Each structure stands twice: as structure tokens, then as C-alpha cells.
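First up is the structure itself, then whatever we jot down about it.
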Amino acid sequence: MLIRKPHAICPSEITPPDLFRRRREWIKAAGAGAAALGLSAGLPGAAQAQRIRLFGVRKSPLSIDEKQTPYEAVTTYNNFYEFGTDKSDPAEYAGRLKTQPWTVTVEGEIKRPKVYDIEELMKLAPLEERVYRMRCVEGWSMVIPWAGFSLSELIRRVEPTANAKYVEFTTLADPRQMPGLRSSVLDWPYVEGLRLDEAQHPLTLLCMGVYGEMLPNQNGAPVRLVVPWKYGFKSGKSLVRIRFQEKEPQTAWMRSSPSEYGFYSNVNPEVDHPRWSQATERRLGEITKRKTLMFNGYGDQVASLYAGMDLKKFI
Ligand SMILES: Nc1nc2c(c(=O)[nH]1)N[C@H]1C(S)=C(S)[C@@H](COP(=O)(O)O)O[C@H]1N2
Ligand SMILES: [Mo]
């Protein structure tokens, strides 16, 4: 992964909430004039984006009870390489992504293949708020109140065949909307994968919102995956295809860096990344490092998925 070392990330890199809010207010006030002058392209995407509240989101018992990372940090400190590799790039450039209309093609080893319209997909099951602990492979972590429903709700409806052993997730790769595709940091599109039982696990979230609102583009609008016991890169943003298959998918990170990334990518403090330790992490907004927890603290729920597997080998 083309990244800075974890210790190089300090809290001051995150736009202070006050400053951000003031900037947004200024932009709102200046909005009409700026648009008329054709200046809107120069404004940060996050600031010009419409914020749309989600209604009827119920609390989930799968949430953790930890202090949530502020909205401003969640939406301005992002990895979304399709918009650039700097943490601030997605908030700055993803505003131009057109998320409507949007479809997600569900295909492969299933009895009911279907192209889902995003509106239909959002209504498939009641939306739940899931406060999850998120751990990036780069060494930072956040606590984020996502909104969505278990991916298993979708999987149940499309009826996997006996040949379905894995699920491949493909995300949008549109060079007209995504300036980061010009870089060859990854072999686009961004592809991720899960074993079928991992994909069916109740914690695996098909996510459409955050902080009670529809996802901002920089967080993967209109629909993304969230797999909280794995490193953040497994949680693909802006999904366009979900394919069920017999073979293990080749993920974008495995293709670009096979010596550094395996298929499972479970958070594991005992297995270092070849270039740095994974034993500790920095929770955004905190100074003192925390010890990273096995399966990111979700071991009680997910460890049984890997019974009998050597997790030093299946990284
Ligand atoms: N399509 C796509 N999905 C992606 C990425 C990306 O670059 N492209 N980055 C991943 C990484 S490394 C992380 S840590 C999380 C970050 O999600 P967040 O910015 O919403 O916190 O998104 C993941 N999903
Ligand atoms: Mo990440």
C-alpha cells in the first residue's frame, strides 16, 4: 500500500471540527455567488455535497459502546484511491461522483441474478445503525456509526447455489469521474472478496449511510461494504457488482502486492505487515497508542469462522 508510516499520522492532520464547520458555513454563504462565477469546482466536495438524513434507522445490538470518531474526521480523513492517495483527496474530489442513477449487478452462482437499482436495494431490509470499530492496515482506527443492513439479507434473497464458495466485490472505475484512476497504484477496478460464510456473517454490513445520513461520496456512496473484523481495505466503496463464485477471487491488493496482502486480511496484532508492526494502533483523536485486538475485538463473534486455520499462514 502506498502510504505513510503510521507514526507519521498525527491528530493535527485532521481538519479541526471548528475550522471545518466555519469553512462549510462560509461556502454555504458564498455558494450562490461562487456557482454563478463557475468556481464550484474549486470547492471541497464534502462541503458542497448535500447531506441527506436517513429516517427510521433502528439501533442494532451489534453496535459497540465506544466514543465515536467525530463526523468531520470520518468524512475528511479517507482512503479512496480512485480519488487520489492523500487522506484529504476523497473529500476534495469525490464530490463530482454521480451516485444516481446507480445499479449493483448481483450475479454468478445464484438462482436469482438481478441488477438492483440503488433505491430498491436500500429498501430490501430495515436500516440499522451499527457502530463499528474500524482498523486500517496503515495503523489508525476509528469508531463509526454506519447505517445499513447485513449483507446476508441480500444473499438470502438471491439464493446461492451449492457452487457458491466465495463472493467477489467490484467497485466503480470510471476515469471520467475518478481522477485517481490515472495513477497505476492499483490495477483498476478495485476488487475485494470474502468467503461465502464471511459474507453471510451478521456483522458484514451492506452500508448506505453514516452518522444518520446517506453516505458522503468520500465514504463510498451510494453503497459500500463494511467488514469490521478485517483491515479497512476489505470494505470496498461504491460497489457496482457482487459475484458469487467457486474460486477465491483475486483482490486488487493481492494483485498489486502479493507479498504484503493475503485474501483473509483479518485484523491480527500477531502478524506484522512486512513493512511495519500491527501490534498497536492510533485511534484518531487520541495521542496514546492502543493495543490492536485480535479480529479487531470481534473475536467472540467471528473466531469460529477460522477454526482449525493457521492464521499466520492464511493472512
Ligand atoms: N473502492 C475503494 N474502496 C476502498 C478503498 C479504496 O481505495 N477504494 N480504500 C479502503 C481502505 S484502505 C479503507 S481503510 C477504507 C476507509 O473507509 P472510510 O474512508 O470510509 O473510513 O475504505 C476501503 N475501501
Ligand atoms: Mo485502509
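Here are some notes:
- Rg over Rh for the stretch 15-306 works out to 0.95, both radii taken from alpha-carbon positions and Rh defined as the Kirkwood radius.
- Whole-Å semi-axes of the stretch 197-247's equivalent ellipsoid (Cα gyration tensor): 20, 13, 10
- Probe 1.4 Å, protein heavy atoms only - accessible area per residue of the stretch 15-306 in square angstrom: 44
- Calculated P(r) tail over 12 Å for the stretch 86-128, as whole % of Cα pairs: 72
- Cα-based convex hull volume of the stretch 155-254 per residue, rounded to whole Å³: 112
- Here the Karplus relation 6.51 cos²θ - 1.76 cosθ + 1.60, evaluated at θ = phi - 60°, turns the backbone of the stretch 79-92 into coupling constants of 10, 7, 4, 4, 10, x, 9, 6, 4, 8, 4, x, 5, 7 Hz, with x for every Gly and Pro.
- Most positive-pole-ward Cα, Thr170, Tyr116, Ser256, against dipole of the stretch 15-306 from beta carbon charges: Tyr116
- Estimated from the Cβ-Cβ distance and a Förster radius of 22 angstrom, the FRET efficiency linking Thr103 and Asp197 is about 0.25.
- Along the axis of the charge dipole computed for the stretch 160-228 (Cβ charges of +1 for Lys and Arg, -1 for Asp and Glu, origin at the Cα centre), the listed residues Val227, Ala199, Leu181 are led at the positive end by Leu181.
- Calculated FRET efficiency for the pair Arg58/Lys247, C-beta based, R₀ 25 Å, to 0.05: 0.10
- Split the accessible area of the stretch 50-137 by element, probe 1.4 Å, and carbon with sulfur accounts for 49%.
The values are calculated or read from the model by the stated rules, or taken from the named source; none is laboratory data. All of these numbers come straight from a predicted model, not from anything done at the bench. Methodologically, a virtual Cβ is constructed for each residue, glycine included, from the backbone with ideal geometry; neighbour enumeration extends over all protein chains shown. The protein model used for the area step is the full one, side chains on, heavy atoms only, and it has no ligands, DNA or RNA in it. Shrake-Rupley method; radii C 1.70, N 1.55, O 1.52, S 1.80 Å.
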